[in-house]
Protein chains: 4
Amino acid sequence: MLTLDVPRRIAMRMRFFSDNAAPVCQPVLDAIAAANTIDTAYDGDQWSAQLDERFSSLFGTRVRVLWVPTGTAANALALAALCPPYGGVICHREAHIQNDEAGAPEFFTHGAKLMLAEGAGAKLTPEAVEGVIAGIRKDVHQVQPHAVSITNATEYGCVYTPDEVAALGKLTQKHDLGLHMDGARFANAVAHLGCEPAELTWRAGVDVLSFGFVKNGGMSAEALVFFRCELADASLYRRKRAGHLLSKGRYLAAQILAMLEDDLWLANAAAANAGAKLLADAAGERLVYPVEANEVFLKLSADEAQGLRDLGFDFYDWGVGEARLVTSWDQTEEQIRPLAEAIAAL
Amino acid sequence: MLTLDVPRRIAMRMRFFSDNAAPVCQPVLDAIAAANTIDTAYDGDQWSAQLDERFSSLFGTRVRVLWVPTGTAANALALAALCPPYGGVICHREAHIQNDEAGAPEFFTHGAKLMLAEGAGAKLTPEAVEGVIAGIRKDVHQVQPHAVSITNATEYGCVYTPDEVAALGKLTQKHDLGLHMDGARFANAVAHLGCEPAELTWRAGVDVLSFGFVKNGGMSAEALVFFRCELADASLYRRKRAGHLLSKGRYLAAQILAMLEDDLWLANAAAANAGAKLLADAAGERLVYPVEANEVFLKLSADEAQGLRDLGFDFYDWGVGEARLVTSWDQTEEQIRPLAEAIAAL
Amino acid sequence: MLTLDVPRRIAMRMRFFSDNAAPVCQPVLDAIAAANTIDTAYDGDQWSAQLDERFSSLFGTRVRVLWVPTGTAANALALAALCPPYGGVICHREAHIQNDEAGAPEFFTHGAKLMLAEGAGAKLTPEAVEGVIAGIRKDVHQVQPHAVSITNATEYGCVYTPDEVAALGKLTQKHDLGLHMDGARFANAVAHLGCEPAELTWRAGVDVLSFGFVKNGGMSAEALVFFRCELADASLYRRKRAGHLLSKGRYLAAQILAMLEDDLWLANAAAANAGAKLLADAAGERLVYPVEANEVFLKLSADEAQGLRDLGFDFYDWGVGEARLVTSWDQTEEQIRPLAEAIAAL
Amino acid sequence: MLTLDVPRRIAMRMRFFSDNAAPVCQPVLDAIAAANTIDTAYDGDQWSAQLDERFSSLFGTRVRVLWVPTGTAANALALAALCPPYGGVICHREAHIQNDEAGAPEFFTHGAKLMLAEGAGAKLTPEAVEGVIAGIRKDVHQVQPHAVSITNATEYGCVYTPDEVAALGKLTQKHDLGLHMDGARFANAVAHLGCEPAELTWRAGVDVLSFGFVKNGGMSAEALVFFRCELADASLYRRKRAGHLLSKGRYLAAQILAMLEDDLWLANAAAANAGAKLLADAAGERLVYPVEANEVFLKLSADEAQGLRDLGFDFYDWGVGEARLVTSWDQTEEQIRPLAEAIAAL
């Protein structure tokens, strides 16, 4: 009854909707199986116990890490740690936290206000953030900003460099604001940059990182990484209170550890990025944004989009005259090339 | 590095801390593996799409079902569906929602008040609930009750019969209150009673059920079952907003479907119940409550508890002079009998 | 010690900062004094008991009315009655609820999202509202709108006509949205239009009105008017829970009744409007918006503004190169004319 | 139309329902009239500006003070300052914050849990508080206490002495908990004790005090007094966000200043206390609690209660076989003596 019929499987291989829908990579499945023994419940198990150390090693500084099952939970918990109910969080108008989390930031923060700024490719600039701050009177009638949240790679597949993040980090420190990075595609950003994870985060002023694994081959585990370790304690309570402390947490921790092992997270992200590069090269002038991660936004008329769909490729329209193609860790060059060729042939 | 050394595995087999810590049963793992293909993200996949029908068939009435990763999330979403922020939920003083969910009900309901009632074995009686209601003035200065929440099987391993639930259901209907059942161990209750799931729920007046699978051999999926289907729509938004809409939801839906297949949920629960029965028979006069599910509370002096621990058995003390033993779906008679004999020999 | 010295009083007479700061009119003070006897606490007194009937008579339909001490409380309670925590409220980018209530809407609604639309003079048009709605995907990832809130007169002293409100009312009914009117200066709007209060509210589709009295000569009482009476019951609980059920509520009810007596509310508003008209006539081409209520926005260079201040007139700058002048119910022509002349002489 | 007919006025004089319903004393009305001039809106006026200094002088230490219109707002803001959303507040089972504020503490704190303790006369003892703390596991599954709230004088008219408060203060400091005093009848407590306000508050470890004036002759102003001054800044935002920053705040500040002038607050409280003493002396053996403030709880059969009501005295029944009589600042001995005599004659 759960058997998948073959045509469906093939069709699925031609889907470019989202990395969200990709399967789980084998090492993660293996790690889940290997964790299938009794151990202490919640996060008292031997796998969860390794997270702080493993991520501290990865980032080259002491961090505290909580697993959660979704990026939305990671982001919302991060914002709750940085912003009181009566405060505000500056983010891009196109940020996932504003547009695609159904108000989770408002829920977890108990009503903080998202303050929207502009910027090409869904990237915030220091100028844009300063503009938002300058527009707020420093009195009790207006919500005051307490944090800035950026997404790296962004919702449009653009990547902040360490210098760009550091410029924002300097600004947030000047204004005594927290700095959160939504890293649902952090791996794609690091793979693109070839930098140390530290450079892109705490050394640049990031306080909390939502480190995504689910879009990158994981099943149901993201890491909430606190560079300001003192924020983690309250977050442990908030996580439980939000129903995100799974009783069999070892299955989440094990996924994450498997992704860190031998830098699988980077290899998977590099594969997805390479797929997007293939499409980008074919798209040429059609590209709306530089392709720096695993998302490709291109100009496409309705007829052209239909043409591609008639060939069996699935993807989202993105507004009028544009389309979004997302590649995944598991898509091979041979699976992607037909779409690249079809785009080139338009 | 993830290899488990043998002594640890053996020690684990002697743990009677909680069914929360048990491993995942093979059909659930198989279902996860079988779902490991691309499909629509979130709950748009073919597995999630089957839930409403499968549970409607199980309960003999039309229901709507949402998967969530934890029982706490299920309970808190259920209460939010039944109680406004300015209302109250009547529950037992020993209820899990009051004592072990870190304020999740208050978080999801935006501050509703839990109103505590008494009752042997953590069971509410109509009299106890009426007593709470009678003690509340019907004016705006006091929080008014909007729902009642019961746990079946209870936190002390006792089981409400269909008649007992129906008596509460009659009361809640009379007072226009919602009725929620925390069924973290619903399977154990049904297995004990040998009744139809319908008798114990909607026919008895239950509006929403948290149907637990994780303690019963699942990994990370519980079912939130709405017998009042009109409550489900808003709950879809609340689930997303709470970060509980996993992007790869098929891995949760597949777990639940596997548990329903051939009544695996009942077989697993029956096994756990049988294990507890074995201990209960050995405990005799020491029992604090009748053993109707998979939990055994017994009188045990500190010396006796130490004696059992010296033999390699692990369990929680429960207050002074009592202990809690919980059996799991995976524990065989041969694994449990040594503890039973040790208790009998005290 | 509380004696005011004369120079301060004179200076105050030349303030055009806000109608918020004006004194209380004599009939309101008299009513407070007349209410200074024992009566039932909270809203059980004889004055509070008259509100429903008095406002029902004023509006020509059955309404339910709650007093509250501030317009912010009125607005936020209204929005909480119309929008669930997971919903959104469409309002103007310049709306008071967005900019000047410190997040009260988010607090009272438990995190609903304000969805900002544009429009000249801080007025929403049906097109602008439709544009916001059209931009929201109808899925659980995006917050869905549940209400529209407009301010009449607007934050820029512009007035919606009954037809303009009705056009919005038609739209909100089509989309099943609630319609709230922030009427902090509702009296000024009605005085300007010379219409029936009914035309501007329930006949045009308004569900809830924040009917302001404090800016119009009251001390500490606003009326929250429910045209959809069934919304009032829950609001009684929300009011108490927000700490807005004053124990000596008669002093609030008496204020409101005094304002309604012999249409004092209209007379006061007409006086304030007339003052603004005087300034508007003097300002001529400098006006940024048509002056339809008691606020005047005019183009004014920094030097010109300083010149007026040197003459003893106080007012707020409004961005760069603009200023806001607000007239009050108590300012006489002779008090305002000097400023009008000074403006004309610029 | 607002004229009160004479019989009603007389009847009112025989009401012993609540000090909440009493009229406002003349100096407060005079102060309101004296403040009836233009000044800066909100709390920027000359009256509000005096509060910090006046209360600092009264308490002999630097404090920060916010006016609010209700005791419920004061209490709820205080708790929000001391307890995070995921925390708990220990209070008496009969505390006003638990029973008579419609969930305001849960609303303002965003869902903190009230943790109920017992104690005669609604007084908490260190033992009772320690008992609550001891019953809470120090793990993330249980809500952890962050504050203790006591009421002085209590809901049963009993008074904590400075030593009793200090014992609790010592305990809260040991456990790193905040200490809030609900002083709706703080004046009655101080008048009874004849102590310095400092002794009963900050010197005894109180962090925040809700200093009540409304029950004691005020109209609509309570003082929220922060002995830990650093807590005040966030509370300014919370107050605005809760709709409690009245635009004409001078009318509240002026009330409070009038009450402080020449210790009117103490004189009024002493008068109310004296009235209760009169009744207490008449009640003798009937008293349920020692009468230390302005509330008298006495044993009274249904027939006896009816008898007193037949004589024109109004009051609340308090459970079965008990009644509550509350005296006010304005009731003279000659107004109270008839009731005292009627009680003595039972």
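The values are calculated or read from the model by the stated rules, or taken from the named source; none is laboratory data. Here the structure is a predicted model, which means the values were calculated and not measured. Positions of Cβ are generated from backbone atoms using ideal geometry, with glycine treated the same way; all protein chains shown enter the neighbour counts.
Checking the condition touching a strand residue (DSSP E or B) at 6+ places or on another chain (Cβ under 8 Å) and either crowded, with 22+ Cβ neighbours inside 10 Å or within 13 Å of chain B (Cβ to nearest Cβ) (or both), which residue from A:253, A:234, A:258 passes? Steps first, please.
Details: A:234 fails: touching a strand residue (DSSP E or B) at 6+ places or on another chain (Cβ under 8 Å); A:258 fails: touching a strand residue (DSSP E or B) at 6+ places or on another chain (Cβ under 8 Å).
Going through A:253, A:234, A:258 in turn, the sole match is A:253.
I'd like to know if the stretch D:270-286 contains one or more residues that are out of contact with any His (no Cβ under 7 Å at 6 or more places or on another chain), modelled with pLDDT of 95 or more and under 27 Å from residue C:29 (Cβ atoms).
Looking for residues that are out of contact with any His (no Cβ under 7 Å at 6 or more places or on another chain), modelled with pLDDT of 95 or more and under 27 Å from residue C:29 (Cβ atoms), one finds at least one in the stretch D:270-286, hence yes.
Just wondering, is there one or more residues in the stretch D:120-138 that are on the phi > 0 side of the Ramachandran plot and crowded, with 18+ Cβ neighbours inside 10 Å? Steps first, please.
Of the stretch D:120-138, the ones on the phi > 0 side of the Ramachandran plot are D:121-122.
When the remaining residues are screened for being crowded, with 18+ Cβ neighbours inside 10 Å, the result is D:121-122.
So far as the stretch D:120-138 goes, yes, one or more of its residues are on the phi > 0 side of the Ramachandran plot and crowded, with 18+ Cβ neighbours inside 10 Å.
Inspect the stretch D:257-265 for any residue being closer than 30 Å to residue C:107 by Cβ and in contact with a helix residue (DSSP H, G or I) (Cβ under 7 Å, 6 or more places away or on another chain) and give the result as yes or no. Step through it out loud before you land on a result.
Step one: list which residues in the stretch D:257-265 are closer than 30 Å to residue C:107 by Cβ, which gives D:257, D:259.
Cutting the leftovers down to in contact with a helix residue (DSSP H, G or I) (Cβ under 7 Å, 6 or more places away or on another chain) gives us D:257, D:259.
There is at least one residue in the stretch D:257-265 that is closer than 30 Å to residue C:107 by Cβ and in contact with a helix residue (DSSP H, G or I) (Cβ under 7 Å, 6 or more places away or on another chain).
If a residue has to be closer than 30 Å to residue D:98 by Cα and either touching a residue at least 40 places away in the same chain (Cβ under 8 Å) or of a type in the set (A, V, I, L, M, F, W, C) (or both) to count, how many in the stretch B:154-169 make the cut? Break it down stepwise before answering.
Residues of the stretch B:154-169 that are closer than 30 Å to residue D:98 by Cα, as a first pass: B:154-156, B:165, B:167-169.
When the remaining residues are screened for being either touching a residue at least 40 places away in the same chain (Cβ under 8 Å) or of a type in the set (A, V, I, L, M, F, W, C) (or both), the result is B:154-156, B:165, B:167-168.
Total satisfying the criteria: 6.
Is there a residue being within 14 Å of chain B (Cβ to nearest Cβ), of a type in the set (Lys, Arg) and either in a loop (DSSP other than H, G, I, E, B) or more than 14 Å from residue A:148 (Cβ to Cβ) (or both) anywhere in the stretch A:46-55? Walk me through how you get there before you give the answer.
First, pick out the residues of the stretch A:46-55 that are within 14 Å of chain B (Cβ to nearest Cβ): A:46-51, A:53-54.
From what's left, of a type in the set (Lys, Arg): A:54.
So of that shortlist, the ones also either in a loop (DSSP other than H, G, I, E, B) or more than 14 Å from residue A:148 (Cβ to Cβ) (or both) come out as A:54.
Yes; the residues of the stretch A:46-55 include at least one that is within 14 Å of chain B (Cβ to nearest Cβ), of a type in the set (Lys, Arg) and either in a loop (DSSP other than H, G, I, E, B) or more than 14 Å from residue A:148 (Cβ to Cβ) (or both).
Looking at the stretch B:15-35, which of the residues that are over 22 Å from the mean Cα position of the chain (by Cα) and surrounded by fewer than 19 Cβ atoms within 10 Å (Cβ to Cβ) is farthest from residue A:248 (Cα to Cα)?
B:34
State the number of residues belonging to the stretch D:161-193 that are touching a strand residue (DSSP E or B) at 6+ places or on another chain (Cβ under 7 Å) and of a type in the set (D, E, K, R).
The number of residues fulfilling the criteria is 1.
Are any residues in the stretch D:155-203 over 18 Å from the mean Cα position of the chain (by Cα) and either surrounded by 18 or more Cβ atoms within 10 Å (Cβ to Cβ) or hydrophobic (A, V, I, L, M, F, W, C) (or both), and if so, which ones? I'd like the intermediate steps shown before the answer.
In the first step, residues of the stretch D:155-203 are kept if they are over 18 Å from the mean Cα position of the chain (by Cα); the result is D:163, D:166-178, D:203.
Selection gives D:166, D:167, D:168, D:169, D:171, D:172, D:177, D:178, D:203.
Which is under 22 Å from residue D:157 (Cα atoms), modelled with pLDDT under 95 and not in a helix (DSSP H, G or I), of D:291, D:320? Please lay out each step first, then the result.
Numbers: D:291 fails: modelled with pLDDT under 95.
The match here is D:320.
Are there any pairs with C-beta distances below 7 angstrom linking a residue in the stretch A:117-144 that is over 23 Å from residue A:162 (Cα atoms) to a residue that is of a type in the set (Ser, Thr, Tyr), with the two at least 6 apart or on different chains, and if so which?
So the pair list comes out as A:140/D:237; A:143/A:86.
Being of a type in the set (Asp, Glu), touching a residue at least 40 places away in the same chain (Cβ under 8 Å), closer than 28 Å to residue D:196 by Cα and touching a Pro at 6+ places or on another chain (Cβ under 8 Å): is that true of residue D:333 here? Walk me through how you get there before you give the answer.
Details: of a type in the set (Asp, Glu): yes; touching a residue at least 40 places away in the same chain (Cβ under 8 Å): yes; closer than 28 Å to residue D:196 by Cα: yes; touching a Pro at 6+ places or on another chain (Cβ under 8 Å): no.
Criteria not met by residue D:333.
Which of the numbered conditions does residue B:48 fail, given that it passes all the others? Conditions: (1) surrounded by fewer than 20 Cβ atoms within 10 Å (Cβ to Cβ); (2) in contact (Cβ under 8 Å) with a residue 12 or more places away in the chain; (3) not hydrophobic (A, V, I, L, M, F, W, C).
(1)
Please find, within the stretch D:8-53, the residue that is modelled with the highest pLDDT out of those that are touching a Pro at 6+ places or on another chain (Cβ under 8 Å) and among the β-branched types (Val, Ile, Thr).
Restricting to residues being touching a Pro at 6+ places or on another chain (Cβ under 8 Å) and among the β-branched types (Val, Ile, Thr), the top hit is D:37.
Within the stretch A:227-283, which helices (runs of 4 or more DSSP H) (wholly inside it) include 1 or more residues that are within 18 Å of the chain's Cα centre (by Cα) and over 27 Å from residue B:212 (Cβ atoms)?
On the way: elements: A:232-241, A:250-260, A:264-283.
Result: A:250-260, A:264-283.
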